[in-house]
Amino acid sequence: MYKKILATHSEQLDVLDTTWWKLRSIERLGRGEDKWELLRHFSDAHVMIITSKGSGWISADGEYNELASNSTYIYAAGQLMDGSFQFQDSGKEQGIFLLTFNVLQDTNLSSKSSLPLIGTINPSSPVTIWSLCESLELIWKENSPLERLRGSILFHELLYRLIRDRLSVKELELEGALEYVRSYIEMHYQDDLTIETLSSLIGISQRHFVRLFKRKFGCGAIEYLTKFRIREAQRLMQSGAQHRIRDIARHVGYHDDSYFRRKFKQVTGIPPATFISNQNLQIVAYHRELIGQLLALGFTPCAAPEAHPWTNYYRRKFITENLLPLSENKADVIQALKSIKVDYIFGLDQDVSDLEKNELHAIAPVCLVPVRNQDWGQRLHYLAKFLKVEHTYDRWLAAYDLKVNLLKELIQHTIGKDTMLVVKINGLNCSLAGTYSPATVLFDDLEIPRAYPVPLDSDDIPISLEQLGQMEFDRMFVLLEREQSSNNEWINIQHSEQWLSLPAVKQGKVDVLSAEPFGEYTAFTHELLIIELSNIWRDRA
C-alpha cells in the first residue's frame, strides 16, 4: 500500500518542475474574536487556510470538511466555498491566516498528476508554519517591491515545508490515503474499477471505505468515477473533433452505449447528442443575467461579460476553455464579437439601444429577452422557445419544482408561519429586495409569508435600521455584496444598538449569504439557492 502511495507522490513531485506560484494576498482574520465566518462565495484564486486552536468546518463545491486545530487547508481556484471556525481560547492573539495565490502550469510539459498541495495538510511543525505566516504578513504589508520579492521567497519556503510534510510517508494518514484513491480514480478512470479494487489500495474494508470516501468527498467512489468519466466525455465533445458517441463511450470506460447515454443524461440532464448539438452553437450572452439562464437550458456561452463574479466557476464546471471575456466597453465588445464565429447573440430588451441592435444584427441573429412584467421563469421559457428546447425547459422546471417541494416539507416545522424580510447590503446602502430578486424564491416558490408588501414590478427599496426597527417580522434573510465597503458596513450594523434590539436578531433567526452568486435573478442561481437553503435548514429541521 505505502509503495503505491509513495510512487504516486513521486509522480506528483515531477509537476513542481513545471509549476509557478505567486502570492496574491495574506491576511490574519479573527484575531481577538470568538468565531470566524467565511461567507459563501466563488474563489477567484487558490485559497490557503491556516488554523490556530479550535474547530470548525468548510465546504467547497458541496464537499464538506472539518477544520481542525493547527492544520492547513488548500483549495483550487473557482470553487464555491463557505465555512466557520470557533476558536478554543477566545480573546487571545490567535486567528486564522487566509492566503490567496495563483498557480500556473506548463500543460505541454507537466504530467497528468494533480498538484501535491490541494487538500488537507497536517504540518509536522505547526509553530514553524505559523511563524512563517506572521513574518510573511509583516513583509507583505510593505509597499516596497524589494520587500515583496523577499515575501515571495518566504512564501516559497512556506510551500516547500507544506509539500514536504504532505508527501512524507511518516506523516501519511487516512486522509492522504483517500486523496490517493481519488487521484487513482482520475488516472485509471478508463479501467473497470470497483469498490473492492479501490478499498484494497489503502487496505481497509469495503464498508469502511465507502463511508469514509463519501464523508470526505460528498459522494460515493463509484459516483465520483461516473462524474469524472462524463466530464472527460464532455471535454472530448467540446474539443471540436467529430468523434462518434460510441467511441467516446469506449474511451471513458463504458462498453454499453445505452448505459453511457443513460449515465450522461443522469449527470448532465441532457442526452449526449443534445449536448454535442448545443456545444456546436456559438452563443453570446450579451448581458450577465443570461449566463444563468442559458446554463439551465444546457447551453454554455462562447462569450460572456468578464466582470461576472462567478465566470470562473462556470468556466471550470462547464469546461469552457475558449470563453471570450467581454469588457464593459460596448465598442470593444462589438469589435471582439466580429473576430469570432457567432450563431446567436442573446441580450435583454431594455439593455440594448437601437444602434447596438443594428451593430449586433450585422454579426449574427439577435434575441432580446423581454424583461418588464416577465419573471425569471417566463424569461427562461422565452429563451427555450427561441432555441427550440422547450422539452429541456419542462424537464429543468420539473426538477426544480421537486427540489422546492422537498425543501418546503423540510422547513414546515421550523419556519412554519414565520414572516420573513429580505435585506440587501451593497456598500453603505441597505434595501429591501424588490420584485426581480432572489426574494421570489423564498416568497413565491417556498411560500414563506412575506413581512412587507412589494409593489408589482418594483426595484429594491432603500431602508434604514430605524425603519427596520419599526417593522414587524419574525425572520430576516441578508444578501451581502462581496465588496469591502459592504463587509465594513455589515460589521457596523451588527454592532449597532438598533440591530441588536431586533427580535429576529435576539432569537437567532437571521441567515446571511453572499450576493455572489445568490443575488442574481436567474434559473441557475435560484437552483443553487434552493440547494444552499436545504443545506442551511436541514440541521435545524
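Under a 5 Å amide H cut-off, with hydrogens placed 1.01 Å from N, Val422 pairs with Ala433, Phe477 among residues at least 5 apart or on other chains.
In whole percent, how big is the carbon plus sulfur part of the accessible area of the chain, probe 1.4 Å, protein atoms only?
Numbers: 12850 of 26420 Å².
Result for the chain: 49 percent of the exposed heavy-atom area is carbon or sulfur.
Fully extending the segment from Asn492 to Asp394 would add 30.8 nm, taking 0.36 nm per residue of separation and subtracting the current Cα-Cα distance.
Mind giving me the FRET efficiency for Lys330 and Leu428? R0 is 25 Å, r the Cβ-Cβ distance, nearest 0.05 is fine. Kindly include the intermediate steps, with their values, before the conclusion.
Details: r = 29 Å, r/R0 = 1.16.
For R0 = 25 Å, the calculated efficiency reads 0.30.
Once you have a ≥ b ≥ c as the square roots of the Cα gyration tensor eigenvalues for the stretch 356-435, tell me rounded if a/c is under 1.5, and otherwise prolate or oblate according to whether a/b is larger than b/c. Oblate, because a/c is 1.5 or more while a/b does not exceed b/c.
Accessible surface calculations at 1.4 Å, restricted to protein heavy atoms, place the chain at 49 Å² per residue.
Would you calculate a helix-derived [θ] at 222 nm for the chain, using -39,500 (n - 2.57) for each DSSP H run of n ≥ 4 and dividing by the full residue count, to the nearest 500?
On the way: 22 runs with 241 residues, N = 541.
After summing the helix terms and dividing by the residues of the chain, the value is -13500 deg cm²/dmol.
Taking 29 Å as the limit for the C-alpha separation, the pairs Lys227/Lys403; Lys424/Lys506; Lys53/Lys403 exceed it in the case of Lys53/Lys403. Full extension of the segment from Asp44 to Phe386, taken as 0.36 nm per residue of separation minus the current Cα-Cα distance, would add 119.8 nm.
For the stretch 332-396 versus the stretch 26-69, the spacing of their alpha-carbon centroids is 39 Å.
So if a site counts as exposed when it's one of the GluC sites (Glu not before Pro), its DSSP state isn't H, G, I, E or B, and it has at most 16 other Cβ atoms within 10 Å, what's the longest stretch of the chain without one? Formally, the longest exposed-site-free interval is 174-305.
Note on Lys417: aspartates and glutamates with a C-alpha under 18 Å away, same-chain residues under 8 apart excluded, are Glu409, Asp444, Asp445, Glu447, Glu472, Asp474, Asp511.
For the pair Gln470 and Leu406, a Förster radius of 35 Å applied to the C-beta separation gives a FRET efficiency near 0.45, rounded to the nearest 0.05.
Were the residues from Asp192 through Ser501 laid out at 0.36 nm apart, the gain over their Cα-Cα distance would be 105.1 nm. Is the shape of the stretch 125-279 rounded, prolate or oblate, going by the alpha carbon gyration tensor and its root eigenvalues a ≥ b ≥ c, with a/c under 1.5 for rounded and a/b larger than b/c for prolate? Note, shape of the stretch 125-279 comes out oblate.
Is the stretch 233-280 best put as rounded, prolate or oblate by its Cα gyration tensor, with a ≥ b ≥ c the root eigenvalues, rounded for a/c under 1.5, and otherwise prolate when a/b is larger than b/c, oblate when not? Verdict is oblate for the stretch 233-280. Under the combined filter of DSSP loop state and at most 14 neighbouring Cβ atoms within 10 Å, the stretch 135-167 retains these trypsin sites (Lys or Arg not before Pro): Lys141.
The values are calculated or read from the model by the stated rules, or taken from the named source; none is laboratory data. A quick note: this is a predicted structure, and the numbers were derived from the prediction, not measured. Heads up, the Cβs are rebuilt from the backbone with ideal geometry, glycines too, and the neighbour counts pull from every protein chain shown. These accessible areas exclude ligands, DNA and RNA; they are computed on the full protein's heavy atoms, side chains included. Shrake-Rupley method; radii C 1.70, N 1.55, O 1.52, S 1.80 Å.
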